[in-house]
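The values are calculated or read from the model by the stated rules, or taken from the named source; none is laboratory data. Computed from a predicted model, the values in this text were never measured in an experiment. Ideal geometry is used to build each Cβ from the backbone, glycine not excepted, and the neighbour counts take in all protein chains shown. Calculation scope for accessible area: heavy atoms of the full protein, side chains included, ligands and nucleic acids excluded. Shrake-Rupley method; radii C 1.70, N 1.55, O 1.52, S 1.80 Å.
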Amino acid sequence: MSPLTSTEIAGRIEDLYGAPLADLTVHAQDQPPGMLSALLGMHDDLTLAERSIDSLRDHLARLVHPERQIGRHEVSHLFHGARRLAEAVAVREVQAKSVAAVLQSLTRVPAPAPSSPTASPPVPAPPLPLQSAAHSR
């Protein structure tokens, strides 16, 4: 199973909190740190890793273009780019697994049901008859 993308994670966060990600981001800025800010931070890290992967993949594709000569200088750039790409993929996988596990452990709490009209308090039970200490014959 492939890890979730930042777009899928954003959708799950929105479903969990019942609001668009942009609204949740604004809301979290006015709140003390908590689960929402942690999830948003993980989402941001995942998004950054995905952008790095895209950028590095494009850079490597330009370096190995069929019409381009690969000399000594380019080889070092290829190795460096490949290493950075591998690191970005590893970060993305860890972030995706972590945020998916956290989201899986959380559930949306249903909104409280509207309270029904106040019921009258229950009627107290009648008192029990007292037992006499004398024995009847």
Inset, instruction - Can you tell me which residue within segment 13-57, out of those that are in a helix (DSSP H, G or I) and among the small types (Gly, Ala, Ser), is nearest to Ala90 (Cα to Cα)? - result: Ala49
Inset, instruction - Please tell me if Leu4 is touching a Ser or Thr at 6+ places or on another chain (Cβ under 8 Å), under 13 Å from Val99 (Cβ atoms) and either at pLDDT 90 or above or open to solvent by less than 90 Å² (accessible area, probe 1.4 Å) (or both). - result: no
Inset, instruction - Please state which of the following conditions Gln69 fails to meet, knowing it meets all the rest: (1) part of a helix (DSSP H, G or I); (2) open to solvent by 50 Å² or more (accessible area, probe 1.4 Å). - result: (1)
Inset, instruction - Would you mind finding the one in Ala96, Ala100, Ala28, Ala49 that is open to solvent by less than 40 Å² (accessible area, probe 1.4 Å), closer than 14 Å to Leu4 by Cα, in contact with a Ser or Thr (Cβ under 8 Å, 6 or more places away or on another chain) and aliphatic (A, V, I, L, M)? - result: Ala96
Inset, instruction - Can you run down the residue pairs with Cβ atoms below 8 Å, 6 or more apart or on separate chains, where the first is in segment 67-81 and more than 12 Å from Leu56 (Cβ to Cβ) and the partner is of a type in the set (Asp, Glu)? - result: Arg68/Glu74
